[in-house]
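A.B. asks: The structure follows.
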Amino acid sequence: MPVITIHSPLDCPSNEELLGKIANTVTKELAIPADYCWVLWNKIEHAYKQDWLMNPCPAPIVKMVCKQSHSSEKLEALLPKMKQVIAYCEGCQEEEIFICVQKIERGYLLIRDEVWT
């Protein structure tokens, strides 16, 4: 059930190739069905991040919310791969990409019409 939100001052890529590649990378690395992942693009109209002001290809801020059952080892392996996909598709610097993961505890998630316990 990972939900990945990409925050960027840029418009979403029109071909949505990036969103699908991120979803494919996440579902493959976490060994979950392809339809268990959402990737959302959020164009930021008003924000301050110094490199966003000067860079024609600013790196996005990425937040992934997922179940706490995904192991730290799997997430540690996943994050560099997500970073590579984003940098390749967006043309931004890998080292400028910020990705954070928030794990949701059991009992705090309603998914597929059931509270995850």
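The values are calculated or read from the model by the stated rules, or taken from the named source; none is laboratory data. This is a predicted model, so every value here is computed, not measured. Note that each Cβ is placed from the backbone with ideal geometry, even for glycine, and that neighbours are counted across all protein chains shown. Keep in mind that these areas ignore ligands, DNA and RNA; they rest on the heavy atoms of the full protein, side chains included. Shrake-Rupley method; radii C 1.70, N 1.55, O 1.52, S 1.80 Å.
A.B. asks: Residue by residue through region 81-90, what is 3J(HN,Hα) from phi via Karplus (6.51 cos²θ - 1.76 cosθ + 1.60, θ = phi - 60°)? Round to whole Hz and write x for glycine and proline.
C.D. replies: Working through the residues one at a time gives 5, 4, 4, 5, 4, 5, 4, 5, 6, 8 Hz.
A.B. asks: Set the Förster radius R0 to 22 Å, insert the Cβ-Cβ distance between residue 109 and residue 27 as r into 1/(1 + (r/R0)^6), and round the FRET efficiency to 0.05.
C.D. replies: The calculated FRET efficiency here is 0.80.
A.B. asks: Using the heavy atoms of the protein chains alone and a 1.4 angstrom probe, what is the accessible area of region 3-115 per residue in square angstrom? Before the final figure, lay out the partial values.
C.D. replies: Details: 6940 Å² over 113 residues.
With all protein chains present, region 3-115 gives 61 Å² per residue.
A.B. asks: With the crude spin-label approximation of a point 7 Å out along Cα→Cβ, what separation in nm comes out for residue 116 versus residue 77?
C.D. replies: So the label points at residue 116 and residue 77 sit 1.9 nm apart.
A.B. asks: Enumerate the calculated ³J(HN,Hα) couplings along region 18-27 in order (Karplus 6.51 cos²θ - 1.76 cosθ + 1.60, θ = phi - 60°), each rounded to whole Hz, writing x wherever the residue is Gly or Pro.
C.D. replies: 4, 4, x, 5, 5, 4, 5, 5, 5, 5
A.B. asks: Would you work out the charge dipole size for the chain about its Cα centre, treating the Cβ of every Lys and Arg as +1 and the Cβ of every Asp and Glu as -1, and quote it to the nearest 20 debye?
C.D. replies: On the way: 12 positive and 16 negative charges, 62 e Å.
Dipole of the chain, to the nearest 20 debye: 300 debye.
A.B. asks: Can you give the calculated 222 nm mean residue ellipticity of the chain, where each DSSP H run of n ≥ 4 adds -39,500 (n - 2.57) and the sum is split over every residue, rounded to the nearest 500 deg cm²/dmol?
C.D. replies: Helix-only estimate at 222 nm: -10000 deg cm²/dmol.
A.B. asks: Continuing with this model, one more query. Please give the contour-minus-distance gain from residue 100 to residue 43: 0.36 nm per residue of separation, less the Cα-Cα distance, rounded to one decimal in nm.
C.D. replies: 18.7 nm
A.B. asks: Let me ask you something else. Between residue 35 and residue 84, what FRET efficiency comes out of the Förster formula 1/(1 + (r/R0)^6) with R0 = 30 Å and r the beta carbon distance, rounded to 0.05?
C.D. replies: The computed FRET efficiency comes out at 0.80.
A.B. asks: Once you keep just the Cα pairs under 8 angstrom separated by 6 or more residues, what percentage relative contact order results for the chain?
C.D. replies: 31 percent.
A.B. asks: Report which label in [x] 10.3; [y] 8.8; [z] 7.7 holds the value of mean projected area of the Cα convex hull in nm² derived from the coordinates of this structure.
C.D. replies: The value matching this structure is [z].
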